[in-house]
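**Student:** Please read through the structure below; I'll follow up with questions.
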Amino acid sequence: MDAQALQDMLALAEQAGSVREAAAALRQRHAGLRVVVVDDFDMRDETPAAEGLRHRLFLAATDGHCWSLTTDLTQAAGVFIAARPAP
C-alpha cells in the first residue's frame, strides 16, 4: 500500500452512508485487504493513518496470528475503520 492508495480508500469510505457501508465498499474494491469495523471510542488514544469528515482509517499489520496498529504503509495488511463521532 502507498499513500495514494490510502487516500483513495479514505475517499471511498467518505462516500458511504455508514461505517458498515464504507467497510463493505472497501472490501469490494480491495479484496485482498482485511477491513475491520471498530468503535471510535476504542481507538481514542490512537492516531489515524487517514481521517475524513465521517470516517477514520487505521493501518493494521499482522505477524500471521496477532494484529497490531502500524504507521508503516508497506506493512499494512488491513485497515481498521471507525466512524467519527458527531461534533
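No lab work stands behind these numbers, since they all come straight from the coordinates. Here the structure is a predicted model, which is why all the values come from computation and not from measurement. Every residue, glycine among them, receives a Cβ derived from its backbone with ideal geometry; neighbour counts consider all protein chains shown.
**Student:** Which whole number in µm²/s is D for the stretch 1-46 by Stokes-Einstein, with the Kirkwood Rh taken over Cα pairs at 37 °C and 0.692 mPa s?
**Tutor:** Calculated translational D: 290 µm²/s.
**Student:** How large is the Rg to Rh ratio of the stretch 41-87 when both quantities use alpha carbon positions and Rh follows Kirkwood?
**Tutor:** My calculation puts Rg/Rh at 1.00.
**Student:** Please rank H55, H65, H30, fewest neighbouring Cβ atoms within 10 Å first, as an exposure proxy.
**Tutor:** So the ranking, lowest neighbour count to highest, is H65, H30, H55.
**Student:** Tell me, how many Å apart are the Cα centres for the stretch 54-84 and for the stretch 6-48?
**Tutor:** 10 Å
**Student:** If you don't mind, there's one more thing I want to ask. Need one number for the chain: average projected area of the convex hull over its C-alpha atoms, nm².
**Tutor:** For the Cα atoms of the chain, the hull's average projected area reads 5.3 nm².
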